[in-house]
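Engineer: Below is a structure I'd like to ask you about.
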Amino acid sequence: MKLTEATETFRIPAKIIARMEKEGLICLPLDEAGSQALSVLSQLWGRHWFIGESLRGIRVRERTMLLLFPEYNKIDRYILNTFLGEPCMKKVSTEVLRYRVKMAFAADVDVQRIRDLRKAAANVRGRKKKLVLGNLSLNYADIFGV
């Protein structure tokens, strides 16, 4: 079963299935084990109790980061949090941040990725990023308290 067929069959967004393949949880085209995994996930997908229990163990700031920046991975959120944390941290050099990521996560981060995240943090601080919910509009800066 290919990605489009799996999306239609299990009613799970294509991004989720693609991410599961990228992380090695399933293989595309789907085999029997992948079909079973997506079948279970489709039964849980969107259930409020499941989402609530999944988020319960996560601190409020991390939960907010997950909800506002779902496309970012753990390292990206760490870097963005560094830039949004303390006012003096927004001026951390790229090399120092690369070293901190290497020590904390044993991973290497591209300099351009750090620059992009620095710009995203500047947009949040500069109140250029907004969350719009119907008639309500909130700045990300107000949500993070920066």
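The values are calculated or read from the model by the stated rules, or taken from the named source; none is laboratory data. This one's a predicted model, so the numbers in the text were calculated from it and none came from an experiment. Cβ: placed from backbone, ideal geometry, glycine included. Neighbour counts: every protein chain shown. All accessible areas refer to the heavy atoms of the entire protein, side chains included, with ligands and DNA or RNA removed. Shrake-Rupley method; radii C 1.70, N 1.55, O 1.52, S 1.80 Å.
Engineer: Within the range 92-100, identify whether any single residue is under 18 Å from the mean Cα position of the chain (by Cα), closer than 25 Å to residue 22 by Cβ and open to solvent by less than 70 Å² (accessible area, probe 1.4 Å), and answer yes or no. Write out each step before concluding.
Structural biologist: At the first step, the residues of the range 92-100 found to be under 18 Å from the mean Cα position of the chain (by Cα) are none.
Looking through the range 92-100, none of the residues is under 18 Å from the mean Cα position of the chain (by Cα), closer than 25 Å to residue 22 by Cβ and open to solvent by less than 70 Å² (accessible area, probe 1.4 Å).
Engineer: Can you say whether residue 50 is touching a helix residue (DSSP H, G or I) at 6+ places or on another chain (Cβ under 6 Å), in contact (Cβ under 8 Å) with a residue 24 or more places away in the chain, open to solvent by less than 80 Å² (accessible area, probe 1.4 Å) and not charged (D, E, K, R), as far as the supplied structure shows? Before the answer, list the steps.
Structural biologist: Values: touching a helix residue (DSSP H, G or I) at 6+ places or on another chain (Cβ under 6 Å): yes; in contact (Cβ under 8 Å) with a residue 24 or more places away in the chain: no; open to solvent by less than 80 Å² (accessible area, probe 1.4 Å): yes; not charged (D, E, K, R): yes.
No.
Engineer: Next question. Looking at residue 55, is it at pLDDT 90 or above, open to solvent by less than 50 Å² (accessible area, probe 1.4 Å) and among the aliphatic types (A, V, I, L, M)? Please lay out each step first, then the result.
Structural biologist: Details: at pLDDT 90 or above: no; open to solvent by less than 50 Å² (accessible area, probe 1.4 Å): yes; among the aliphatic types (A, V, I, L, M): yes.
No, not satisfied.
Residue by residue, here is whether (1) charged (D, E, K, R); (2) in contact with a Gly (Cβ under 8 Å, 6 or more places away or on another chain) holds:
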site: 24; (1), (2): no, no
site: 28; (1), (2): no, yes
site: 48; (1), (2): no, no
site: 58; (1), (2): no, no
site: 63; (1), (2): yes, no
site: 77; (1), (2): yes, no
site: 85; (1), (2): no, no
site: 100; (1), (2): yes, no
site: 105; (1), (2): no, no
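Engineer: Turning to a different aspect of this structure: In the range 68-84, what residues are within 16 Å of residue 104 (Cβ to Cβ) and surrounded by 16 or more Cβ atoms within 10 Å (Cβ to Cβ)?
Structural biologist: Step one: of the range 68-84, the residues within 16 Å of residue 104 (Cβ to Cβ) are 72-83.
Hits for the range 68-84 are 72, 75, 76, 77, 78, 79, 80, 81, 82, 83.
Engineer: Please state which one of 9, 64, 4 is open to solvent by less than 70 Å² (accessible area, probe 1.4 Å) and of a type in the set (S, T, N, Q). Show your work before the answer.
Structural biologist: Working: 9 fails: open to solvent by less than 70 Å² (accessible area, probe 1.4 Å); 4 fails: open to solvent by less than 70 Å² (accessible area, probe 1.4 Å).
Checking each option against the conditions leaves just 64.
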